[in-house]
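Comments concern the structure below.
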Amino acid sequence: MDVRRHGIWLAGAVFALTMLQLAVATAVPDLPQFAGKGFAARLFAYPVMMLVVPGLWWLLAGRRGAGRVGERLRRAPWIAFAWIMLPFLVDVTGNTLDLYDSIGWWDDANHLVNWFFLSLGAGLLLRGGASGRPWELLVMIGGLGAVMAIGWEIGEYFAFIRGGTELDTAYQDTLGDLTLGTLGAVAAGAVVARGAVRRPRQAQ
């Protein structure tokens, strides 16, 4: 399969599967894996966060070039969008399958891997318009990932930690999540930066 050509379908599938599970979790909130996890808030917040980057690209970058709507859709960086959307699907699927409560290390692995996915998508977008050195790209991606990790932890606090059952361990858990998220972002930055080095060499 031509991944680039079918990127729009990959992104669409990730979005649809996430929304389907969010709808089920909101409709049946009494299931133990969904209880106290703030799924009503997620039903609103997740689609907004998944679509904000494609929406901004469409408004800022996508409309610069001439062409019909179909042509702009084809040239959109759907693979990057799919990477950015993927962590939301992984998070919701982990709750649906009760992995957060049944596997002790699942939450930590999610913060590391999901921030790698998220930052990889952001890094691919940055690489497309960046003209700096690879190490500058790595720093940008790592820093952006750290900022997003902080924003995520703030959102978690207001969504279900404040006044919930996890308040006593929230400080230690938050520090660990921030560390793992930042490590995942730096790893993604290293991958994108390495790709930025190899592309000019291949072009020579």
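Values in this text are rule-based calculations from the coordinates and carry no lab data. Just so it is clear, the model here is predicted, and its values are computed rather than measured. Neighbour counts run over all protein chains shown; Cβ positions are idealised from the backbone, glycine included.
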**Request:** Using label points projected 7 Å from each Cα along Cα→Cβ, tell me how many nm separate ARG194 and ARG162, to one decimal.
**Result:** 4.1
**FRET efficiency, GLU71 to GLU136 (Cβ-Cβ, R0 25 Å, nearest 0.05)** = 0.20
**Asked** Which length gain, in nm to one decimal place, applies between ASP30 and ASP101 when the Cα-Cα distance is subtracted from 0.36 nm times their residue separation?
**Response** 24.0 nm
